[in-house]
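K.L.:
First the structure, then my questions, so here it is.
Readers should treat all values here as calculations from the given coordinates under stated rules, not as data from a laboratory. Keep in mind that what you see is a predicted model, and the values were worked out from it rather than measured. Here the Cβ positions follow ideal geometry from the backbone for every residue, glycine too, while neighbour counts run over all protein chains shown.
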Amino acid sequence: MTRFALVSILLVAGLWGGCRAPGDHSPVIATLNARVIHRDEFEHFLASKMGDISAADVSELIRSQMLDEYLKRRLVLDEAERMGLSVTSAEIEESAQDNSQMKSSAASAATREEMARDLLVEKYYRQIALRDVRISPEEVQQYIEKNQSRLTDRPGFLVREIRVQSREEADRLHREVTEGRRDFASVARLHSDAPNAERNGLTRYDEGQLPDLLEKAVQQLRPGDVSPVIESNYGFHMFKLEQRIKPHAPEERRSQLDDRRARLTEELIARRNQQAVDKAIEQLTSEAKIQITESALGFPYTGQLRHN
């Protein structure tokens, strides 16, 4: 399996980690089989993943989703250790050579430990979850034929989108992204209810793919511009144009076609791998004894693991 596919899996599944600091006396928010999870563990993890975004800006929905992913990752790590998997110092050193943060003299022991956990999760996926994944040439060809329309060379737009259901919220978010206080991509990830929110709102649209009202608004933008708030049957939208996509010259189209076929093949491999990873995590979750102490969380929990 290619490293590209492994990285794709890790991005979709999430690089969740964290371990309790010695002497952590914060409230217990969950028990995972025989493991106790403290609130400070989760809050530290949440802060590390949110970057510059204030904890106050993280919605209850996102907090719940992040807690679910945190617990699932912990299950993967525990299962990997139970099966005798481990990472060596040599593996950590090799990975560190490709990581500028690890090359820094300021890299902490905690950063190194997190890298070791990432490598252990990757090893579990590669050696356990993905060991039986096979894709035949016939399946690749069928997938390419099914996605034939994506091989065409059409003009379009690469945009970020935010969609919400109230004019009041849309106007508030529009002011925040246009006045420079918040990054459009981060706001899309945390607040948009469009399907592309998990990709920071990023989507490619071919010309003619969007409803006329929305496409007209995008057509008027220059790269970097943010559209006004536009109301449609789906809610209230705003777009940021990242790039206009133009058709290639005829002599370039053959190589572009080959590249797109290769990307579709990689996409199929990544999807099959992700399905296998999801299945493995689902099995671990269904067999685990999980109890969440909602009163200790500090936010209303709306995740999926409450009744496990």
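K.L.:
Can you tally the net charge around L130? Count Lys and Arg as +1, Asp and Glu as -1, for every other residue whose Cβ sits under 12 Å from the Cβ of L130.
P.N.:
That works out to +3.
K.L.:
In debye, nearest 20: dipole of region 154-245 around its Cα centre with unit charges on the Cβ of K, R (+) and D, E (-)? The partial results should precede the final answer.
P.N.:
Working: 15 positive and 16 negative charges, 52 e Å.
For this selection, approximately 260 debye.
K.L.:
Got a sec? How would K289, K240 order by Cβ neighbour count within 10 Å, fewest to most?
P.N.:
K289, K240
K.L.:
Mind sorting L173, L85 by how few other Cβ atoms lie within 10 Å of their own Cβ, fewest first?
P.N.:
So the residues, fewest neighbours to most, are L85, L173.
K.L.:
Running Debye on region 154-245 with equal point scatterers at the Cα sites and no solvent, what base-10 log of I(q)/I(0) appears at q = 0.16 Å⁻¹?
P.N.:
The computed values of log10 I(q)/I(0) come out as -0.55.
K.L.:
For region 128-149 and region 271-308, what is the centre-to-centre distance using only Cα atoms, to the nearest Å?
P.N.:
The distance from the Cα centre of region 128-149 to that of region 271-308 comes to 28 Å.
K.L.:
Listing D278, D132, D118 from the residue with the fewest other Cβ atoms within 10 Å to the one with the most, what is the order? Before the final figure, lay out the partial values.
P.N.:
Working: D278 14, D132 7, D118 19.
Least crowded to most crowded, the residues run D132, D278, D118.
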